[in-house]
Amino acid sequence: MKLICYSKCTTCKGVEKMLYEKGVSYDYRDIKEENPTADELKAWHEKTGLPIKRFFNTSGKIYRENNIKDKLPAMSNDEAYELLATDGMLVKRPILFTDEEEIFVGPDVKKYIEKL
């Protein structure tokens, strides 16, 4: 498994604790240090079939300060990928990649781990 998180995020810390308690090993990627690229985001979005809004950290400071909520409906997916790729703090976390090549984003990560 691979987990993309932000080290100071309480939700991410909770997910890590859950994985540890279940004895699940994973590779860790800090989203602040290694921001996803537009190409990665596009691939993840297409694989999950989720609405592009689900990849935005809608409670984040950057999202709110830049009124992205109002801009997002007029954006193409490619524009959204490029915007998300500018700062890892814009991207919803955690993101979990399973060994079965499934991708879970945000609250879906905890739901998946609970079923392990």
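The values are calculated or read from the model by the stated rules, or taken from the named source; none is laboratory data. Please read all numbers here as calculations on a predicted model, not as lab measurements. Quick reminder, even Gly has a Cβ in these numbers, built from the backbone with ideal geometry, and neighbours come from all protein chains shown. Side chains are part of the model used for accessible areas, which takes the heavy atoms of the whole protein and leaves out ligands, DNA and RNA. Shrake-Rupley method; radii C 1.70, N 1.55, O 1.52, S 1.80 Å.
Here is how the numbers come out for the structure above:
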| read-out | value |
| --- | --- |
| Enumeration of residues in the range 75-98 that are of a type in the set (Lys, Arg) and open to solvent by less than 50 Å² (accessible area, probe 1.4 Å) | Arg93 |
| Test for Arg93: is it closer than 18 Å to Leu3 by Cα, in contact with a strand residue (DSSP E or B) (Cβ under 6 Å, 6 or more places away or on another chain), assigned to a loop (DSSP other than H, G, I, E, B) and not small (Gly, Ala, Ser) | yes |
| Failed criterion for Ile113 (all others in (1) open to solvent by less than 50 Å² (accessible area, probe 1.4 Å); (2) in contact (Cβ under 8 Å) with a residue 60 or more places away in the chain; (3) outside any helix (DSSP H, G or I) hold) | (3) |
| The listed residue being part of a helix (DSSP H, G or I), open to solvent by 70 Å² or more (accessible area, probe 1.4 Å) and either in contact with a Lys or Arg (Cβ under 9 Å, 6 or more places away or on another chain) or over 18 Å from Glu100 (Cα atoms) (or both), out of Lys53, Lys32 | Lys53 |
| Yes/no for Glu40 being in a helix (DSSP H, G or I), out of contact with any helix residue (DSSP H, G or I) (no Cβ under 6 Å at 6 or more places or on another chain), open to solvent by 80 Å² or more (accessible area, probe 1.4 Å) and within 15 Å of Phe104 (Cα to Cα) | no |
| Options Val24, Val15; residue that is part of a loop (DSSP other than H, G, I, E, B), of a type in the set (A, V, I, L, M) and in contact (Cβ under 8 Å) with a residue 24 or more places away in the chain | Val24 |
| Qualifying positions in the range 1-10 - in contact (Cβ under 8 Å) with a residue 60 or more places away in the chain, of a type outside the set (A, V, I, L, M) and either open to solvent by 60 Å² or more (accessible area, probe 1.4 Å) or over 13 Å from Arg93 (Cα atoms) (or both) | Lys2 |
